1. What are the residues in the stretch 172-216 that are in contact (Cβ under 8 Å) with a residue 24 or more places away in the chain, surrounded by 15 or more Cβ atoms within 10 Å (Cβ to Cβ), near ligand 2 (Cβ under 9 Å from one of its atoms) and of a type outside the set (A, V, I, L, M, F, W, C), if any?
2. Can you confirm whether the stretch 297-310 contains a residue that is within 30 Å of VAL208 (Cβ to Cβ) and either part of a helix (DSSP H, G or I) or acidic (Asp, Glu) (or both)?
3. Let me confirm something: among LEU107, LEU4, LEU20, which residue is more than 16 Å from ligand 2 (Cβ to nearest atom) and within 21 Å of TYR155 (Cα to Cα)?
4. Somewhere in the stretch 120-131, is a residue away from ligand 1 (no atom under 12 Å from the Cβ), closer than 24 Å to PHE74 by Cβ and open to solvent by 10 Å² or more (accessible area, probe 1.4 Å)?
5. Which of the numbered conditions does ASN195 fail, given that it passes all the others? Conditions: (1) within 16 Å of ligand 1 (Cβ to nearest atom); (2) modelled with pLDDT of 95 or more; (3) out of contact with any strand residue (DSSP E or B) (no Cβ under 6 Å at 6 or more places or on another chain).
6. Going residue by residue through the stretch 51-58, is there one that turns out to be open to solvent by 10 Å² or more (accessible area, probe 1.4 Å), under 23 Å from LEU251 (Cα atoms), touching a Leu at 6+ places or on another chain (Cβ under 6 Å) and away from ligand 1 (no atom under 11 Å from the Cβ)?
7. If you scan the stretch 252-304, which residues turn out to be open to solvent by less than 30 Å² (accessible area, probe 1.4 Å), among the aliphatic types (A, V, I, L, M) and within 11 Å of ligand 2 (Cβ to nearest atom)?
8. Can you tell me which residue within the stretch 59-97, out of those that are part of a loop (DSSP other than H, G, I, E, B) and surrounded by fewer than 18 Cβ atoms within 10 Å (Cβ to Cβ), is nearest to ligand 1 (Cβ to nearest atom)?
Amino acid sequence: MRILLTGGTGYIGSHTAVELIKQGHEVEIVDNLRNSKASVLDRIEQIAGKKPKFYQADLLDTEKINQIFAETQFDLVIHFAGLKAVGESVEIPLEYYKNNIGGTISLLEAMRANNCKRIIFSSSATVYGIQESPEYVETMQTGPGISNPYGRTKYMIEEILKDFAVANPDFEVTILRYFNPVGAHPSGLIGDDPNGRPNNLMPIIMHVASGKIPYLSIFGDDYNTPDGTCIRDYIHVVDLAKGHVAAIKTLKPGVSIYNLGSGKGVSVKEMVAAFEKASGKPLPQQIAGRRAGDLDEFYANPAKAKAELDWQTELTIDDIMVDTLNYLKRENQQ
Ligand code: NAD
Ligand code: UD1
């Protein structure tokens, strides 16, 4: 297939580009480079043997996006592009709504105008908001309890896609709800390299390990979990990328929704211990207060992806830590 990845130079997009090229797909990328670097394209080529064609463009530039679709007939779009920092989304909500929702509308308009009818969208477990059970299933209600504008953009885009699919019954929409993507490609050539201050646990652990941040603040050890720290479902980014490849095979008219997670919960303290085991060094850390909006525990029920996509995670928390350290070592040598 000829596939356009929006946001394809970013963390998850670049790993997905590698897996798609390895499977023989033609990959092209559009990204405005707000949170990634063009040098990622050479890294993709080094790993997968082919450099994706690249368009530096903003999804909000409807005319330019339309032109890209008019020039090339894409079989599928995988839509990664978006802003994703939860804290920042609270500070600049309009920018988040404009970029994420406006960008998606602009993309859908260009797709419809140029007869491109398949889209896979990067959603998040955050759309589940607050649930009674920590094990999230696709059939659960979404929306209520989402604690921040970033999460609400994901929920709203899902609703837009559902409405769009009703109005355009021949469109094939797949929504993938990612749990906590972490890790890096085992080559050490690509990984999570956000421009600016990191927000999520693993990038912060990496900054502490390389001395850019003095210590990890563990946000609360008084949660209702066995060791008191929050529990999440961490998924190796290479497993996640393979989930996209699997999802292509089952695209069908209407909207299909899948959780992409391991189904296993791991606490913050367990993540730190696994990192220390892999690095052989203690990680400087302190217990800090709770972070607003954090939930005690959640993890995926991944049964639907297993049954329908024939996909499940294969890599472990130890693999995640080894690959993260390998990536960190290479980055620090640059
Ligand atoms: P990322 O920031 O590394 O990649 C997103 C890319 O989109 C960046 O390269 C950025 O420059 C680009 N972009 C943003 N707005 C754009 C626009 N208007 N036009 C063109 N390009 C634009 O993020 P990621 O971690 O790779 O996440 C990819 C997607 O997955 C995002 O939609 C994110 O919300 C979603 N997601 C990520 C996580 C996670 O923990 N990383 C979890 C759940 C869902
Ligand atoms: C966060 C977002 C979620 C988003 C996801 C992936 C919130 C409330 N949720 O999820 O919407 O989809 O990132 O981008 O922000 N932690 C520390 N110290 C740190 C950083 C994190 O103890 O310095 C803890 C957190 O409290 C949490 C766990 O580590 O329990 C994971 O945090 P993080 O990586 O930010 O992911 P989530 O909070 O699950």
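1. TYR178, ASN180, PRO181
2. Yes, the stretch 297-310 has at least one match.
3. It is LEU107.
4. Checked the stretch 120-131: no residue is away from ligand 1 (no atom under 12 Å from the Cβ), closer than 24 Å to PHE74 by Cβ and open to solvent by 10 Å² or more (accessible area, probe 1.4 Å).
5. Of everything listed in (1) within 16 Å of ligand 1 (Cβ to nearest atom); (2) modelled with pLDDT of 95 or more; (3) out of contact with any strand residue (DSSP E or B) (no Cβ under 6 Å at 6 or more places or on another chain), ASN195 misses just condition (2).
6. No: zero hits.
7. VAL266, VAL268, MET271, VAL272
8. LEU60
The values are calculated or read from the model by the stated rules, or taken from the named source; none is laboratory data. Predicted model, so just to flag it, every value in this text is computed and none were measured. Virtual Cβ from ideal backbone geometry, glycine too; neighbours counted across all protein chains shown. Accessible surface is based on the protein model in full, side chains and every heavy atom, while ligands, DNA and RNA are left aside. Shrake-Rupley method; radii C 1.70, N 1.55, O 1.52, S 1.80 Å.
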